[in-house]
Amino acid sequence: MPVAVDQWVEQIRRSDVRALSRAITAIENGEPEAEAILQRIFPYTGQAYLIGVTGAPGTGKSSLVDRLAAHYRRQKQSVGILAVDPTSPFTGGAILGDRIRMQGHASDPGTFIRSMATRGFLGGLARATADAALVLDAAGKQVILIETVGVGQDEVEIARLADCTLVVLVPGLGDDIQNMKAGLMEIGDIFVLNKSDREGADRFEQQLRAMLELAPARDGWRPTVVRTVATEDRGTAELAEAIAHYRAHVEQSGRRRAMKIERWKQRLLDLLQARLLERLVGDHRSAQTLAALAEQVAERKKDPYTAVEEILAQADLR
């Protein structure tokens, strides 16, 4: 193992801001050192509590994350924030910057904030989000807040990463409860009715609670609803209490280990998929073969199923 990587890992363990930033950048860019760093830090992970925050645009997710971070810092807990933003079509970077969104924490050594671009990855997360969370975990962050991109109602990937998933909703956006997609409703461990000082909040909450009552409890847990006004820091303490209650429920039910095994099973499948794709079409020759086969399929000279079999045969994966 190169000495440079050893030193890098030690700096990460000391929660050195520059080392953390460089490590996450290396992971995002797929640099050679990234995997070596992740391998070395992995034994030091598994202690952080990951809280996912998802919901449609305009629900106030960033403000809510900002208030939650401040709450945990008042409790002397070290906090990491991964804010996943839409990708710029021009630069490939995150459109919104962490310092713009959460300037109040920028100078706090106990809080690390990183904006990550989706780079075309679907599901509300960036491809490197899970690995970035491992870096923050190894750095001793006790709570890691992960805010999804907020592109709509298909952001279910966060439930496969977070220990607790918050679904943020607001009254008055034209999103009647009855019309919400099942996926978004099913991933929530806690539903946050933000901007609850708006007109129609009471009716919205009644509809939400009625729908949640109809859904079967998951492992003995029925999702709770917490009202907040994040811009005024109202309801933050109650939300943190609900998160703590959910965490205690999972621990007491004995489901924590099973949930972690299932999460890592899916993560291993994701890594296998990425490695296999890289092996199949990663080099120049494979890319040329893929392009040639795509042309034949497009011209109906070959069916796509035969083309796939040829790719697998060439890689000796049949």
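Some observations on this one:
- Residues that are farther than 25 Å from ILE187 by Cβ, modelled with pLDDT under 90 and not assigned by TED's automatic domain parsing to the domain that holds ARG234 occur in the stretch 3-23; there is at least one.
- Top-ranked residue of the stretch 274-314 - restricted to ones that are of a type in the set (Lys, Arg) and farther than 30 Å from ALA130 by Cα, ranked as modelled with the lowest pLDDT: ARG285
- Residue count for the stretch 285-311, restricted to those that are part of a helix (DSSP H, G or I) and either more than 32 Å from the chain's Cα centre (by Cα) or in the same structural domain as GLY30 (by TED's automatic domain parsing) (or both): 18.
- Any pair with Cβ under 7 angstrom, 6 or more apart, that starts in the stretch 211-234 at a residue that is touching a residue at least 24 places away in the same chain (Cβ under 8 Å) and of a type in the set (Ser, Thr, Tyr) and ends at one that is surrounded by 12 or more Cβ atoms within 10 Å (Cβ to Cβ) and in a helix (DSSP H, G or I): THR224/ALA242; THR228/LEU64; THR228/THR236; THR228/LEU239; THR231/SER63
- Total residues in the stretch 29-43, condition surrounded by 14 or more Cβ atoms within 10 Å (Cβ to Cβ) and assigned to a loop (DSSP other than H, G, I, E, B): 1
- Flag for THR231 being modelled with pLDDT of 90 or more and touching a His at 6+ places or on another chain (Cβ under 9 Å): no
- Qualifying residue in the stretch 1-23 (condition: part of a loop (DSSP other than H, G, I, E, B) and either touching a helix residue (DSSP H, G or I) at 6+ places or on another chain (Cβ under 8 Å) or within 23 Å of VAL167 (Cα to Cα) (or both)): yes
- Single condition GLY46 does not satisfy, out of (1) more than 18 Å from the chain's Cα centre (by Cα); (2) exposed (fewer than 14 other Cβ atoms within 10 Å of the Cβ); (3) at pLDDT 90 or above: (1)
- Note on the stretch 205-243: among residues that are in contact with a Lys or Arg (Cβ under 6 Å, 6 or more places away or on another chain) and of a type in the set (Gly, Ala, Ser), the one that is surrounded by the most Cβ atoms within 10 Å (Cβ to Cβ) is ALA230.
- Number of the condition not met by ALA248 [criteria: (1) aliphatic (A, V, I, L, M); (2) free of Cβ contacts under 8 Å to residues at least 24 places away in the same chain; (3) not assigned by TED's automatic domain parsing to the domain that holds GLN75]: (3)
- Residue tally, condition in a helix (DSSP H, G or I), acidic (Asp, Glu) and more than 19 Å from the chain's Cα centre (by Cα), over the stretch 230-280: 5
The values are calculated or read from the model by the stated rules, or taken from the named source; none is laboratory data. Computed from a prediction, not measured in an experiment: that's the story for all the values here. Cβ: placed from backbone, ideal geometry, glycine included. Neighbour counts: every protein chain shown.
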